[in-house]
Amino acid sequence: MKKRILLLLIAFCSISVFAAGFKSGQTVYVKAKSVQLKSTEGSFGSNTGLAVYGDTAKVLSVSGKKVKIQLSTGSKATGWIADGSLSAKKVKKDSKVSTSDKELALAGKGMTEEMENAYKASNPNLNFKLIDAIEAIIISDSEVEKFMKEGHLNLGDE
């Protein structure tokens, strides 16, 4: 019984530590290839700057899964960013190891190139070039916002 209580206590403490996230004043590093900083926590705030892989920033405040940061170099821009685009651990900006955009996209989906090739081999009738073409489409924030307003859709900020 004591072992169970001790294990539960350890598990609870571990969860609390990992759920804590980022803290105001903490130095963080951008781990996304590039991401727009936003004027508000919502997805459709105006762009205030661009953060790129390896940039160093200071946490100004945290709200849920959004973090307001100030870049430490370059423009020193300030804005909101998703916590998933940040790391507490320093990332190597000029690493000799490079990854292709395709490898990054696969990793984001939890796949490797070998897994994708195996899936293609087992599904020869699927049109993967069409999927690649769809993934290559870039839609600006302003186009998305216009579409959502015209369709009377919730902008996700409420």
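Values quoted throughout were computed directly from the atomic coordinates according to the rules given, and no laboratory measurement underlies them. These figures come from a predicted structure and were not determined experimentally. Here the Cβ positions follow ideal geometry from the backbone for every residue, glycine too, while neighbour counts run over all protein chains shown.
Between the amide H of residue 60 and those of 25, 68, 69, 70, distances stay under 5 Å, these residues lying 5 or more places away or on another chain, with hydrogens modeled in the peptide plane. Note on residue 83/residue 125: beta-carbon distance plugged into 1/(1 + (r/R0)^6) with R0 of 41 Å gives a FRET efficiency of 0.55. Derived scalar couplings between HN and Hα for segment 118-127 equal 5, 5, 4, 5, 7, 9, x, 8, 7, 8 Hz in order, rounded to whole Hz, by the Karplus curve 6.51 cos²θ - 1.76 cosθ + 1.60 (θ = phi - 60°), x for Gly and Pro.
Assuming charge only on the beta carbon of Lys and Arg (+1) and of Asp and Glu (-1), the dipole of segment 21-74 about its Cα centre is about 140 debye to the nearest 20.
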